[in-house]
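Colleague: Got a structure for you, written out below as structure tokens; questions coming shortly.
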């Protein structure tokens, strides 16, 4: 039993870290033609995420792989139930990855404009789709003994869409703050202003989300039975307010850190509410996929625990090292000088 | 068409497309790492230029290899949910381990390599590309252990209505998976060697930067000779393993219909699947198939007729793919031998015909790699896990024909477009050649 709980925690951490790390890449991608007025700016923007986006995306692959290895039944049903949504997500991730690499390989303006457009769309779609998917998971999927009774249109219910918008706004602000930290001059100021402009919208949507969650899902049940857990959503709210306080003080790095905490805590808030479900059924709780009825055997979980205990610390160590190597601001001069850059 | 057929077609298309890029990355990463090491140890700027030029071609491929890989992981859940449920306990582990052990390493250090030219020391920069190369090959190991388990399942029991892992080490040391890995990575090295030789040959024919391309060609020729030799040797051991563990696949590879001892190898052979025999058998090398299969000339080979029709793989595509793959393998060895001889003697330019052949040979190892996968995957049919689970029982129940049809069309269009752009960019950069102006090349600044 304990191993399943451990893997539930790990599952939550993998998703939360993925959203924290790829969140600013997606946000930066969504903002890049709006904040980058000319080609130089746009190259700066892409190069702020250039060294790290690929490594950040691996958290998603690991989250997927961990779901497969630890909760194969959930993996199988979730992925086939959400088929069309995942397909769109895949297309977007494929296009995003090649856009970064291909954009600078031709000098024509049309070529660059096309890839710029591709970057914006392929950054927006995953942000929205992840939100819609998680909103629907929080609310539960229509599944019973005979299987799944939903469709893509079903997923676009008001609560799913609201969660989608929440994710998009979280990532937009996250990306804007990242850019304001990583760039200089006018570009940095524009990014800072963008974060300030979007913040009230995020606040409204976050409040609406917290309220709607009461009616659309059973996420609050766990909090009522163990009120000390409320510390997590409270931290989410505090961090969300922290973003505003810190940007007002001009502490952009602090605001970005606060935005990291916000995303982590938002994901944890939802996941704590889910426990012990991975996907609740909103037709009949008996057909919910829980960590106990969809998990791998204890033997497999033990092996996987050993692997993670050995390798995750190494991964985290070299990731921290890389963020240190690439600390500091990206400037136009630097990008123009470096032929290898994007 | 039904969900099963469409899903199979989709898996075939997406994995074969992914597999256009992977073999080159396996080998080219090592070659670029070697070039950079030569630069760091000798300070010779020719090797820096080589690192930059071949590295640029490597990166375009790498990007597509990475993004198309995610599709494959997702598809197990999307299209093959019954499979994922049934074998997830054992099959999910190598995929998750690949991500934690290899994929992170590869993706993080490729960032250091691309963007770190003036942020890390020369040595650290070279180490980064080595880490990428090691991780790429390590990632192949875990994927092929997973695939090897589908070909020859070990270390599991059927319990609670699914396959459960009972012996992790059995999967890790599964000879089928290890041999497949060995055969595959050296095939990838062959692709890379012929890629570098082909591009170099084009420039040498144009008399363009001969020093640069002669050095590149020579390095690739040696790499190619070693890898083609290993492809054959490991391939032979691999075939022995197939004969032992997947007799129906082996019978299809050689088109053997009747069970008998001391089976000979017909150099000319046309299988006739409907009549369940060979329409043509000519120029027979006696006992050769038995010798290849079990390393004893009189070994018994089980014929296809001894398997129920419902458990036979499609013979014609498996047989021809195998023949053609082996034929190409022999050709690659011969070409590499000549390439090493001519480049060591410094006589490459005297033989434009050979250079032309090497240019046109560039795509052939790609084809051989794809053929190898047809043998491996089609030869396993109708099983998705050999002897345990049929492909027809593995497909998702929750998806519909129009859904899969739309996704299949979507993948074909998207991949088709990306493939064209990729070939366009590769050709453009390959023709342009290396940067001459050393000031345009950023060198690692710190030591």
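Colleague: Of the listed peptides B:117-129, A:259-271, what is their order by residue-averaged count of other C-beta atoms within 10 Å, with the highest listed first?
Modeller: Per-residue Cβ counts within 10 Å, averaged per peptide and sorted highest first, yield A:259-271, B:117-129.
Colleague: A follow-up question, please. When Cβ neighbours within 10 Å are restricted to other protein chains, what is their mean count per residue of peptide B:417-430?
Modeller: Partner-chain Cβ atoms within 10 Å, mean over residues of B:417-430: 2.
Colleague: What angle do you read, to the nearest 10 degrees and between 0 and 90, between the alpha-carbon axis of helix A:53-70 and the longest principal axis of chain A?
Modeller: 10 degrees
Colleague: Here's a follow-up. With all pairs of different alpha carbon atoms counted, what Kirkwood hydrodynamic radius in Å does the stretch B:1-121 show?
Modeller: 16.7 Å
Colleague: If one takes the longest principal axis of the Cα atoms in chain B, at what angle in degrees, from 0 to 90 and to the nearest 10, does the Cα axis of helix B:104-115 lie?
Modeller: Once rounded, one gets 20 degrees.
Colleague: Also, quick follow-up: Based on the mean of other beta carbon atoms within 10 Å per residue, what is the order of B:239-250, B:58-69, most packed first?
Modeller: B:58-69, B:239-250
Colleague: Within 10 Å of each Cβ in peptide B:398-404, how many partner chain Cβ atoms are there on average? Round it to a whole number, please.
Modeller: Per residue, the number of nearby Cβ atoms from other chains is 4 on average.
Colleague: Taking just the alpha carbons, could you work out the radius of gyration and Dmax for chain B, both in angstroms?
Modeller: Both quantities, over Cα of chain B: 23.2, 71 Å.
Colleague: Sort A:75-83, B:362-370, A:318-326 by packing, meaning the average of other beta carbons within 10 Å per residue, with the highest value first.
Modeller: Answer by packing, highest mean first, reads A:75-83, B:362-370, A:318-326.
Colleague: On the Cα set of the stretch A:42-100, report Rg and Dmax in Å, please.
Modeller: Cα radius of gyration and Dmax of the stretch A:42-100 are 14.3, 43 Å respectively.
Colleague: Determine, for B:345, B:56, B:214, B:356, the number of other Cβ atoms within 10 Å of each Cβ, and report the residues in order from fewest to most.
Modeller: B:345, B:356, B:214, B:56
Colleague: Then there's this: Which value in Å does the Kirkwood hydrodynamic radius of the stretch A:1-337 take, with 1/r averaged over all unlike C-alpha pairs and then inverted?
Modeller: One over the average 1/r among Cα pairs gives 20.7 Å for the stretch A:1-337.
Colleague: A further question on this structure: Express in whole angstrom the spacing between the alpha-carbon centres of the stretch B:134-201 and the stretch A:156-203.
Modeller: 43 Å
Colleague: In addition: Take every residue in peptide A:321-334, count the Cβ atoms of other chains within 10 Å of its Cβ, and give the average of those counts.
Modeller: 2
Colleague: Over chain B, what is the relative contact order in whole percent, taking alpha-carbon pairs under 8 Å and six or more residues apart?
Modeller: Dividing the mean separation by the residue count of chain B yields 22 percent.
Colleague: Using a simple spin-label model with points 7 Å from Cα along the Cα→Cβ vector, what separation in nm is obtained for residue B:400 and residue B:413?
Modeller: For the pair residue B:400/residue B:413, the computed spacing is 2.0 nm.
Colleague: Once you've got the GNM for chain A with C-alpha springs shorter than 10 Å, pick whichever of A:208, A:191, A:16 has the biggest mean-square fluctuation.
Modeller: A:208
Colleague: Suppose only helical runs count, i.e. DSSP H with n ≥ 4. What mean residue ellipticity at 222 nm does that imply for chain A under -39500 (n - 2.57) per run, divided by all residues and rounded to the nearest 500 deg cm²/dmol?
Modeller: Theoretical 222 nm ellipticity from helices: -26500 deg cm²/dmol.
Colleague: Out of all DSSP beta bridges with both ends in the protein assembly as shown, state the antiparallel percent to the nearest 5.
Modeller: 95 percent
Colleague: For the stretch A:321-339 and the stretch A:1-43, write down the distance between their C-alpha centroids in whole Å.
Modeller: Value for the Cα centre distance between the two parts: 20 Å.
Colleague: In a GNM of chain B with a 10 Å cut-off on Cα contacts, which of B:256, B:112, B:186 has the highest mean-square fluctuation?
Modeller: B:112
Colleague: Tell me the mean residue ellipticity at 222 nm calculated for chain B from its helices only (DSSP H runs of n ≥ 4, each -39500 (n - 2.57), averaged over every residue, nearest 500).
Modeller: When only DSSP H runs of four or more count, the value is -24000 deg cm²/dmol.
Colleague: Kirkwood hydrodynamic radius for the protein assembly as shown: how many Å is it when counted over pairs of different Cα atoms?
Modeller: Over the protein assembly as shown, the inverse of the mean reciprocal pair distance is 27.8 Å.
Colleague: While we're looking at this one, here's another question. Compactness ratio of the stretch A:192-271: Cα Rg over 2.2 N^0.38 Å, N = residue count?
Modeller: 1.17
Colleague: I would also like to ask the following. For chain A, find the longest principal axis of its Cα atoms and tell me its angle to the long axis of helix A:72-81, 0 to 90°, nearest 10.
Modeller: So the helix axis and the longest Cα principal axis differ by about 70 degrees.
Values in this text are rule-based calculations from the coordinates and carry no lab data. The structure displayed is predicted, hence computed values, not measured ones. Ideal geometry is used to build each Cβ from the backbone, glycine not excepted, and the neighbour counts take in all protein chains shown.
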